[in-house]
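Worksheet: the structure to be examined is printed underneath.
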Amino acid sequence: MSDQLILTLDTGEVFIETFDDKAPNHVAQIKKLAADGFYDGLQLHRVIEGFMAQMGCPKGTGTGGSGKNIDAEFNDVSHQRGVCSMARAQDPNSADSQFFICFDDASFLDGQYTAWGKVIKGMEHVDAAERGEPPANPTKIISMRAA
C-alpha cells in the first residue's frame, strides 16, 4: 500500500508516492512531521546539479532536525530520478527530518540511505530549485501535506 504527499514548493506542487511497505517508519515520520506543519516555510538548503535537492532542516544549514532519529530501513529501491530518500549523518540510524529528491541516477547510494518515496508528478518544480550549498536565494517549502 502507498499514499501520496503534496510538497508545495515556491516553484510549484510536487506529488510524492510514499513507499509505506518499503520504509514504514520513515514514511510515518515524514507524514507526521508534514501533518504537524514541520516542513512549512523551510528552505532547500543543499541543491546540487545532477545529484539531488535536500530539505527538511529547520536551521537551513543541514545540521538540524526534529529531534527524533529513525533506524535505517534500507530497501531495494534504487536511487534514480525522482526518488525521495532520507539524509543522515555517518550513523546509518541517524535519519530524522531531512530528505532529498534525486535529480538523476544516484544508485551509488543504494543500500546506504532509506528510500521512502518517488515523485510521480511535478518533478519540473524540483528541477527549478535554486542550486547551491546553500543556495544564495533558496527555494522554499510552502507546505507538505497528505494528498
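Since every read-out is calculated from the coordinates, none of them should be taken as a lab result. On a predicted model such as this, the values are computed, not experimentally measured, just so you know. When we count neighbours, we look across all protein chains shown, and the Cβ atoms used for this are built from the backbone with ideal geometry, even at glycine.
Where residues in segment 102-133 are touching a residue at least 60 places away in the same chain (Cβ under 8 Å) and either among the aromatic types (F, W, Y) or in contact with a helix residue (DSSP H, G or I) (Cβ under 6 Å, 6 or more places away or on another chain) (or both), which of them is surrounded by the fewest Cβ atoms within 10 Å (Cβ to Cβ)? Once the filter is applied, the top-ranked residue is T114.
Among the residues of segment 49-81, those identified as in contact (Cβ under 8 Å) with a residue 40 or more places away in the chain, exposed (fewer than 14 other Cβ atoms within 10 Å of the Cβ) and under 23 Å from A128 (Cα atoms) are E49, G50, T61.
Condition check for S94 on (1) surrounded by fewer than 17 Cβ atoms within 10 Å (Cβ to Cβ); (2) among the hydroxyl-bearing types (S, T, Y); (3) in contact with a helix residue (DSSP H, G or I) (Cβ under 8 Å, 6 or more places away or on another chain): one failure, at (3). Say we look at segment 93-147 and pick out the residues that are small (G, A, S) and not in a loop (DSSP other than H, G, I, E, B); which of these is farthest from D36 (Cα to Cα)? Looking at the filtered set, the residue picked out is S107.
Among the residues making up segment 15-45, a single one is charged (D, E, K, R), in a helix (DSSP H, G or I) and loosely packed, with under 14 Cβ neighbours inside 10 Å: K32.
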